[in-house]
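Trainee: There's a structure below that I have some questions on.
The values are calculated or read from the model by the stated rules, or taken from the named source; none is laboratory data. None of these values were measured; they are calculated from a predicted model. In this analysis, Cβ positions are derived from the backbone assuming ideal geometry, glycine residues included, and neighbour counts consider all displayed protein chains.
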Amino acid sequence: MKLLSCRLFRLLSVVLMLVACKKYSLDELLSAPEQIEIDGRMYILMTNIDLTWNPEYTNPVFGDIRIITIDSLTFPSSIDADKVWIIHEDDVWESEKVSDGAAPVENFELKKKIEGKWVDWDSDDSVGVVVHVIVDNDENSYLLRAANQILGVTY
């Protein structure tokens with residue numbers, strides 16, 4: 001009986017890991033909405049993403065994303081973000097690191113810092129940015145997109 005329950009636990013762990021690591025297609029990312037509704041409240045995405053041309057910097061992509069409540073009420077603690085994709089034409093880049101950024105200036109937003117290695121894109125390119133929004137520790141998840149974002153540059 002112990003062996004069966006141990007195998008069942010391992011199987012469930014693998015299934016949960018595969019679900020949590022779901023890969024999204026380019027079409028799924030591009031079709032993500034530009035605003036989402038969670039528990040009757042609307043949210044949008046704002047970004048500030050830069051490329052750096054300093055060869056000493058090991059992660060030449062950096063910036064922040066902000067998920068903002070449209071109603072300007074306090075941002076719920078049950079909502080978080082764990083993945084960010086940047087899309088340029090047919091290229092998709094997934095951030096290597098999504099972490100808490102500086103404390104938000106306003107209490108109606110969730111701010112995250114992103115960074116990672118880059119592909120061969122230029123500053124001033126227009127990109128789409130998609131964030132994976134999780135609710136209640138990934139019980140529910142959403143994709144949220146900001147279209148036509150301009151990449152900045154830092155020298």
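Trainee: Name every residue in the range 38-65 that is surrounded by 14 or more Cβ atoms within 10 Å (Cβ to Cβ), at pLDDT below 80 and over 16 Å from residue 130 (Cβ atoms), in order of residue number.
Mentor: 51, 52, 59, 60
Trainee: May I pose another question? Looking only at the range 95-121, filter to residues that are at pLDDT 75 or above and of a type outside the set (D, E, K, R); which one of those is farthest from the chain's Cα centre (by Cα)?
Mentor: 107
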